[in-house]
Each structure stands twice: as C-alpha cells, then as structure tokens.
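Reviewing the structure listed below.
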Amino acid sequence: MTDLQHVRIKQMMPPGHIRTPAYLRGKTGWIERKLGPFGNPEQQAYGLKGDPLVLYRVRFTMAEIWGDTAERPEDTLDAEIFEHWLEPANAP
Amino acid sequence: MPHDQHDHLSPSGHPYRPDNDEPLSYWQTMEIAVRELLIEKGVSTAAEINAQIDAMDARSPADGALVVARAWTDADFRKRLLANGSDACREMGFDIGALQLIAVENTRDVHNVIVCTLCSCYPRNLLGLAPDWYKSRAYRSRTVKEPRKVLSEFGVNLANGVQVRVHDSTADMRYVVIPARPDGTDGWSPEQLAALVTRDSMIGTGLAKAP
C-alpha cells in the first residue's frame with residue numbers, strides 16, 4: 001500500500017487480544033504514515049514470537065467515526081493499525 | 001472519651017482516613033511471586049530490580065521539557081525530532097530504552113492530544129509514569145468522542161479555527177506533543193524555556209505556560 005491510500009478497517013470481531021479498537025472497525029480513513037514491521041500482538045499475547053507485520057498510522061475524520069454525533073466533523077483521529085486489518089476503501 | 005459520638009473524628013476535628021492496607025490483588029500477589037522466584041533462581045537480583053525501579057522513577061516530564069525546548073530553539077533538531085522521535089531523544093542523551101516515539105507538533109492551526117483507548121500506553125521512558133487520570137475510563141473513552149469538551153475541562157479552550165487531532169496509541173508507538181512556543185519568549189535559553197513546558201502540554205491536555 002502506498003502513502004495516502006484510502007483504506008477501510010475490516011469489520012470483523014475475532015476473539016483474543018486485538019489492538020484494533022472496535023470503534024474504528026468498518027471505518028474508512030487514509031494512511032498517514034507507514035511504520036514497522038512489528039510483531040503481531042495477536043500472537044505475542046499468547047507467548048508466540050509474532051509474525052512481523054507492517055503497521056500503519058491511519059487518519060480518520062470524526063465525521064467518519066461518529067457520523068451525525070461528531071463533536072466537530074472536521075477534527076481527526078489517528079490510530080495505529082496492522083496491515084492484516086486493512087482493506088482498500090473501495091473493496092466490496 | 002474513646003467511644004463517644006465523635007470517635008470518627010481525629011483530635012484535630014477531621015475525619016480519620018482509612019489505612020491503605022487492603023488485601024493484595026491477584027496480580028499484586030503474582031508480581032511478588034514472580035519477582036521472588038527470579039531472585040531465588042538467580043535470574044535477577046534484588047539490587048537490579050531496585051535499580052530498575054529507581055531508573056523509572058528518575059524519569060520525569062522535565063526530560064521531555066528539555067526535548068521540547070531544544071525543538072523550539074534548534075530548527076534542525078526539530079526536524080530530526082519530527083522525523084524520528086526516539087533517535088532525537090537518544091541524541092540528547094536520554095536513556096529511553098526501546099521506546100518508539102512519535103512527536104506531533106501543535107501549531108496555530110492544529111492542536112494534538114494523546115490517548116490510549118485500549119489500555120494506558122504512555123511514553124514513560126521519556127516522561128516518567130503516566131498521571132492517574134490518563135488511565136481512567138472516562139479520559140480514554142471521552143477523548144476520542146468529545147476531545148474539545150475534555151480539553152475545556154482541562155482549561156484548554158481552542159480558537160474556532162484550530163483543528164483537533166486525536167492520537168490513539170493503539171500499538172507500538174508512543175507519542176509526545178510539542179506544544180506551541182509561547183509568545184514573548186524571544187531570546188530565551190532552552191533551560192528557561194523548558195520551565196514553561198508542563199507534563200500536560202506534552203500530552204496535549206495543556207498548553208505551555210505563558211512567560
């Protein structure tokens with residue numbers, strides 16, 4: 001994935017130690033910067049080494065996250081999301 | 001009279017405060033057990049563990065304040081800090097261990113604020129231990145939903161045109177805010193400037209103090 005690409009956080013609810021906040025799942029944002037790789041925390045939580053994964057900082061508008069109840073729609077929120085949680089924003 | 005109707009008051013007239021002697025929690029017991037085992041089995045020594053606690057307690061927001069003050073006074077350093085926060089802190093001689101730091105900068109148009117909704121991630125290797133409120137459910141849940149209201153409760157009222165950027169520390173990075181340099185500080189030394197940089201200003205729930 002290249003910079004400034006629009007991405008969507010996958011809408012899934014697997015069990016376990018997940019570091020993708022539930023309030024961002026299914027939301028669309030854009031890549032602010034690329035980081036890592038870092039070990040997959042979903043494996044590390046169980047004493048495993050953790051596959052190296054690219055970590056992205058994804059930026060969302062408050063309007064995208066909270067809809068009509070956003071305090072200020074044009075404010076933004078950045079979060080770090082691992083690559084396996086991202087899909088192209090235009091994916092079906 | 002030891003058991004008269006006022007025995008809940010101390011001689012000074014204030015209510016007694018309960019002793020802080022609650023039973024150990026499960027995890028406190030676990031920590032003690034693991035620590036004692038590590039010492040018994042020769043993996044670590046009590047002196048090493050105490051030294052590590054002392055090293056963590058020695059870290060304080062004053063370290064971060066020196067980093068901010070240098071960024072205000074040294075344009076090249078500011079660029080390096082924004083490009084790689086960890087390397088810039090190490091360059092100043094701070095022992096930040098494995099800390100992966102991102103510095104975000106407040107400007108006339110942008111105000112940054114840091115939160116960790118999932119737990120309480122905090123750049124403690126630079127700033128020391130997090131304030132208790134940073135770990136509260138209220139701060140963690142409200143800052144991503146109504147950051148301006150939270151900021152106003154901290155006494156930070158932003159001008160209308162300022163955009164708020166919330167940063168949720170969800171994974172491996174930790175964050176420090178470079179607050180805006182106060183007006184009226186031209187010609188100040190980094191040491192003088194550092195005295196204006198508060199802990200909260202580096203979380204984004206405060207501004208640097210006015211001179």
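We did not get these values from a lab; they are worked out from the coordinates using the rules stated. Since the structure is predicted, the reported quantities are computational estimates derived from the model, not experimental observations. Cβ placement follows ideal geometry from the backbone for every residue including glycine, while neighbour counts extend to all protein chains displayed.
Take the alpha carbon gyration tensor of the protein assembly as shown, find the square roots of its eigenvalues, order them as a ≥ b ≥ c, and report rounded if a/c is under 1.5; if not, report prolate when a/b exceeds b/c, else oblate. Taking the square roots of the gyration eigenvalues as a ≥ b ≥ c, the protein assembly as shown is rounded. Look at the alpha carbon pairs under 8 Å that are at least 6 residues apart: their mean separation over the length of chain A gives a relative contact order of 31 percent. Stretching B:GLU31 away from B:PHE154 to a fully extended chain increases their span by 40.8 nm, per 0.36 nm per residue minus the current alpha-carbon distance.
Secondary structure note: in chain B, about 10% of the DSSP beta bridges are antiparallel. Once the Cβ-Cβ distance of A:ARG33 and A:GLU71 is raised to the sixth power relative to R0 = 22 Å, the FRET efficiency obtained is 0.30.
Going from the fewest other Cβ atoms within 10 Å to the most, the residues B:ARG35, A:ARG25 appear in the order B:ARG35, A:ARG25.
For Cα pairs less than 8 Å apart in space and 6+ apart in sequence, what is the mean separation divided by the residue count of chain B, i.e. the relative contact order in percent? Here the relative contact order equals 23 percent.
Of all aspartates and glutamates in the structure, the ones whose alpha carbon falls short of 16 Å from that of B:LYS135, not counting any fewer than 8 places away in one chain, are B:ASP168, B:ASP200. What residues from segment A:51-92 fall in the zone where the backbone N is under 11 Å from a label point 7 Å along the Cα-to-C-beta line of A:HIS6? Output list for this probe position: A:89-91. Across segment B:40-143, Cα pairs under 8 Å and at least six residues apart give a relative contact order of 29 percent. In terms of the Cα gyration tensor, with a ≥ b ≥ c the square roots of its eigenvalues, is chain A rounded because a/c is under 1.5, prolate because a/b exceeds b/c, or oblate? Taking the square roots of the gyration eigenvalues as a ≥ b ≥ c, chain A is prolate. Full extension of the chain between B:ASP57 and B:GLU40 yields a length gain of 3.6 nm, computed as 0.36 nm times the residue separation minus the alpha carbon distance. Centroid-to-centroid, using Cα positions, segment B:25-42 and segment A:15-83 are 34 Å apart.
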